[in-house]
């Protein structure tokens, strides 16, 4: 009875989505001998690292009470740049790709801050427009990495563990600490939880939001570059629908759209829920389509549970 | 004394009603923008304003337009519907696949019934269970796409014998020289606009979107009304699926992917606020047509099709920004 | 139960020294209303200065001007003799003026300590939060306030009273010069109040000037050295607490010793229109029984939070009763939604005009017809002419001042907005009209018009239930008065013959009559 409300509502260290992650992990490890092997588990981490990295940034933006629909397009642009600019050297290409992601995030943040237009609309516009930028840049072509050092990186390991998995875990840890321990992280909660109080307390709301948009832009670009190293190539349609997957992962992890609420550990749970489900079902030779249905059902279930918890403390008339 | 002051201030606003042409233009900014675009394109390409070109554009825009009519109703009621893209895939695959199995009439009936059931599920979750519409319809987006893939086994579907059926008329046919998709689009837009503007039902939807609490405190059955907006949205998707399926006489299993956002782009561009309680169908029609004409105009000017996305980006943000600034200005003059 | 509250303040009254803060001739206008008219007010260091007034008298507005939330249209603010302009809350706070809000301004999903130091978290190594220092300093402040909770607790887990303590703690981070408490006890239980009083006395002894806004007489006489009274946005005098008594202050507040035109009240009553039998909603109110006859005005009097609005919402089908029954016209009514309630002839003019009563972005006419759309439509289609007729009828009958029916109601003054809400319900031709705080935040002129209208309606046969926390209003219109305290009906009075003392006692839980239920409130 260590406070069920606390646990279910996810403000405890462990979020309810972890129960689900553990449950399906046990289920799949019974169903398949190979599932619980180190090789497969790290494989899951690599498979989910793309969505996972973006979800880290998205968590910040959503705790802020905003949303970013443009991450899929940003990912695609960064991937194309990182492959397409390799004539100037891999370092230049990667740095340019990531800088572009940060710049697009800054642009989104600036527009939300200065125009007062809803983040949903600003980033919806960016989602369409940035995809246009990719097509303008690539002229609808897929790019293939000629430099093998680039594509080798995506498959490299340190000991038994793939580098991509390590990058993802390190970023998760860093983002967790920044959110929990730094002034910026705490202000992120304050801005989303009670913007008026935050403003009264002298927190610079607009700046805080803009930094978070830059963070999510950074991670979307990083995810794009890493995805390109995995594939050794980029396509202009890369990253389509990723914004929806990412938001799903973050919401599964208990972060609320209304802001002021959420955690990186929850998001990690949400990301793993998607990853384990995909991987496990694949292993059981269930077509990937079922994952989509199951995810939709879980998402609604999470919403209903959340509502039932909140209803108990709600005194007003339901409208 | 207080009461005299009060009278004066009560009437202070009447000045605003001397709305000149300028005010009208700024209020109808998107319409003006639309006309300017049309003018600019017509200067650069002689074809642009030709009747056949205009008809082609409207016909191409009609699928997004039909869906946007339904989603506008949902948005006016204060909610969102992101599931329309997947729903369009679902309905199109269904109607095309069933066509050869049970004949066109059966296929259409079953498709409408099942699409409306999906709408009812949305409506149940958002209207009666009061769940957040963005996440519910996001979940439905994923779940319905999964259903489509399960149903089709990941295969694309098509109608085997295309010359033996009248089904194609919904996508390719003409009535009195006007393309059937345009007729369906116009009819739906007009009917829904009339319902929203002139019926008690429409008034209730506006009230709910404007202030759901006050609507309930006025004895309005909010749950049913919200439910019904999702039914309208689903009905429109079914109509769009009919047009799309009949035009292609086949369907990819993800044909509707991304439509939800294009539809939203059109609605936002038209000037309907995502906050609910305001907006109109004709604004949405204009928004959708602007997207269509920009695409067409840029193509005629020799730019590749994707440049329209860049332009869309810029005008969406400019349109909403100017709209906000306009409202803020009015608010300031009111309180000073 | 509340023994602490009756002892008179034993401290010496404030000495005549220079005030730490003065507000001089402050004027604040809102569209349609002058909220403050040339109001002056001052506080000395080390005194509690109570600010008193009815709802809508301008107390909160004055304090928001002081805290930089509203910009005054005229007047000066002098802090320690120097003129200051507070154009935002941060600047006021930096100068040492802190407002403890009625509404919560905390971030729910953060710890107590983080909320206390919101916007000025102690840092180390650049941007890292120095948790040790944060919690040490927070704990110091919480200890000073004798708070029982930890600085590490989540704010969302705290009770309302404890949240308020956090707000006070936040005020102590910057050594404040003036602290304003705006109705601080509204959400506190009786055994939490003495803690607050201790805090206020401690602050006072440290030389802080305290402004204490309340309309609870016992608290004010217990705590304050001076009392100032606002009435209808105007300054109405200051007295030394030691030299006065409750009657005198009440007179200052209401502007007259209460005398009412009982003759204008309706006289002819019919059968019971509404009867409640042991109506209960768990956690809100319990065992509420009373009746309203046709042609009768029943007042329901009680403090905010006593459960009055909840009773009204239950009658209106918005809450599900967990026990008891509602009889309409002698028949047991099952009301599962507001829609059914309207169909049964019930109308509710809700407490919160802007959130519950009106669609602010809609025009006057559309708001007016919203509850009775069936009567102005045919086959589902609106009949604009019929709508206009309805609008004109009530606009003229109630003298609603608008530039025209197309005007958005959000642009009207409070009084005219309220008339639109009332018009909306009259249009449905209800049998039972419930008005929850019908004149809150409304100018005096509209107020008396609405009172006259209520009496007129009852005379034409409506059964009327008026809920109010303003004594003159309840006394002025009601034939009978139901007093509520803490979710129960404590007494029922004849509206023409009740004494003000009896009413006040009944709504503060000190009064037991044969008509009321014995006070079975468990001892805390």
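The values are calculated or read from the model by the stated rules, or taken from the named source; none is laboratory data. These numbers were taken from a predicted model, which means no experiment stands behind them. Quick reminder, even Gly has a Cβ in these numbers, built from the backbone with ideal geometry, and neighbours come from all protein chains shown.
Descriptive notes on the structure:
- Some residue of the stretch A:266-285 being surrounded by fewer than 21 Cβ atoms within 10 Å (Cβ to Cβ), at the interface with another protein chain (Cβ under 8 Å from one of its Cβ atoms) and not in a helix (DSSP H, G or I): no
- The set of residues in the stretch C:131-152 being surrounded by 16 or more Cβ atoms within 10 Å (Cβ to Cβ) and farther than 14 Å from residue C:169 by Cα consists of C:131 alone.
- Screening residue B:93 against (1) touching a strand residue (DSSP E or B) at 6+ places or on another chain (Cβ under 7 Å); (2) within 14 Å of chain A (Cβ to nearest Cβ); (3) farther than 29 Å from residue B:268 by Cα leaves a single unmet condition, (3).
- Residues (facing chain B (nearest Cβ under 8 Å) and assigned to a helix (DSSP H, G or I)) located in the stretch A:135-147: A:135, A:136
- Qualifying residue in the stretch C:330-346 (condition: away from chain B (no Cβ under 14 Å) and in contact with a helix residue (DSSP H, G or I) (Cβ under 7 Å, 6 or more places away or on another chain)): no
- Spans of strands (runs of 3 or more DSSP E) in the stretch C:219-337 with at least 3 residues more than 20 Å from the chain's Cα centre (by Cα): C:234-240, C:272-281, C:285-293, C:323-328, C:331-333
- Among the residues making up the stretch B:144-167, those that are within 28 Å of the chain's Cα centre (by Cα), in contact (Cβ under 8 Å) with a residue 40 or more places away in the chain and either surrounded by fewer than 21 Cβ atoms within 10 Å (Cβ to Cβ) or within 11 Å of chain A (Cβ to nearest Cβ) (or both) are B:144, B:145, B:147, B:148, B:149, B:151, B:152, B:156, B:158, B:166.
- Considered as a group, the residues in the stretch C:70-105 that are more than 19 Å from residue C:22 (Cβ to Cβ) and without any contact (Cβ under 8 Å) to a residue 24 or more places away in the chain include one that is surrounded by the most Cβ atoms within 10 Å (Cβ to Cβ), and that residue is C:89.
- All positions within the stretch B:289-312 that are within 14 Å of chain A (Cβ to nearest Cβ), in a helix (DSSP H, G or I) and touching a helix residue (DSSP H, G or I) at 6+ places or on another chain (Cβ under 6 Å): B:290, B:291, B:294, B:295, B:298, B:307, B:308, B:309, B:310, B:311, B:312
- Pick from the stretch B:264-273, criterion in contact with a helix residue (DSSP H, G or I) (Cβ under 7 Å, 6 or more places away or on another chain) and more than 18 Å from residue B:85 (Cα to Cα), ranking: nearest to the other protein chains (Cβ to nearest Cβ): B:269
- Being within 18 Å of the chain's Cα centre (by Cα), under 18 Å from residue A:219 (Cβ atoms) and in contact (Cβ under 8 Å) with a residue 12 or more places away in the chain is a condition met by at least one residue of the stretch A:275-294.
- Qualifying residue in the stretch B:182-191 (condition: within 14 Å of chain C (Cβ to nearest Cβ) and surrounded by fewer than 24 Cβ atoms within 10 Å (Cβ to Cβ)): yes
- Qualifying residue in the stretch A:67-75 (condition: in contact with a strand residue (DSSP E or B) (Cβ under 8 Å, 6 or more places away or on another chain) and over 30 Å from residue A:308 (Cα atoms)): no
- When residue A:166 is tested against the conditions (1) modelled with pLDDT under 95; (2) surrounded by fewer than 22 Cβ atoms within 10 Å (Cβ to Cβ); (3) more than 19 Å from the chain's Cα centre (by Cα); (4) part of a helix (DSSP H, G or I), the lone failure is (3).
- Residue match in the stretch A:151-168 (condition: more than 30 Å from residue C:98 (Cα to Cα), in contact (Cβ under 8 Å) with a residue 60 or more places away in the chain and within 14 Å of chain B (Cβ to nearest Cβ)): no
- Some residue of the stretch A:83-96 being touching a residue at least 60 places away in the same chain (Cβ under 8 Å) and within 14 Å of chain B (Cβ to nearest Cβ): no
- Residues of the stretch C:114-130 that turn out to be in contact with a strand residue (DSSP E or B) (Cβ under 7 Å, 6 or more places away or on another chain) and either assigned to a strand (DSSP E or B) or facing chain A (nearest Cβ under 8 Å) (or both), as a count: 5
Quick grid of which residues meet (1) more than 10 Å from every other protein chain (Cβ to nearest Cβ); (2) more than 21 Å from residue A:111 (Cα to Cα); (3) part of a helix (DSSP H, G or I):
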{"site": "A:149", "(1), (2), (3)": "yes, yes, yes"}
{"site": "A:187", "(1), (2), (3)": "no, no, yes"}
{"site": "A:211", "(1), (2), (3)": "yes, no, yes"}
{"site": "A:218", "(1), (2), (3)": "yes, no, yes"}
{"site": "A:223", "(1), (2), (3)": "yes, yes, yes"}
{"site": "A:251", "(1), (2), (3)": "no, yes, yes"}
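- Among the candidates C:105, C:111, the residue that is farther than 21 Å from residue C:176 by Cβ and at the interface with chain A (Cβ under 10 Å from one of its Cβ atoms) is uniquely C:111.
- Cross-chain or 6+ apart pairs with Cβ under 6 Å, the stretch C:393-410 first and more than 18 Å from residue C:358 (Cα to Cα) and at the interface with chain B (Cβ under 9 Å from one of its Cβ atoms), then at pLDDT below 85 and part of a loop (DSSP other than H, G, I, E, B): none
- Residue ID - farthest from the other protein chains (Cβ to nearest Cβ), chosen from residues in the stretch C:356-380 that are free of Cβ contacts under 8 Å to residues at least 24 places away in the same chain and buried (at least 16 other Cβ atoms within 10 Å of the Cβ): C:376
- Verdict on residue B:160 being touching a helix residue (DSSP H, G or I) at 6+ places or on another chain (Cβ under 7 Å) and in a helix (DSSP H, G or I): no
- The one condition in (1) within 12 Å of chain B (Cβ to nearest Cβ); (2) modelled with pLDDT of 90 or more; (3) closer than 14 Å to residue C:358 by Cβ that residue C:430 fails to fulfil: (3)
- Count of the stretch B:75-110 residues which are under 20 Å from the mean Cα position of the chain (by Cα) and farther than 30 Å from residue B:207 by Cα: 4
- Residue satisfying all of: in the stretch C:411-427; in contact with a strand residue (DSSP E or B) (Cβ under 9 Å, 6 or more places away or on another chain) and more than 11 Å from chain B (Cβ to nearest Cβ); nearest to residue C:447 (Cα to Cα) among these: C:418
- Residue B:174 vs. criteria farther than 27 Å from residue C:386 by Cα, away from chain C (no Cβ under 11 Å), touching a helix residue (DSSP H, G or I) at 6+ places or on another chain (Cβ under 7 Å) and at pLDDT 90 or above: no
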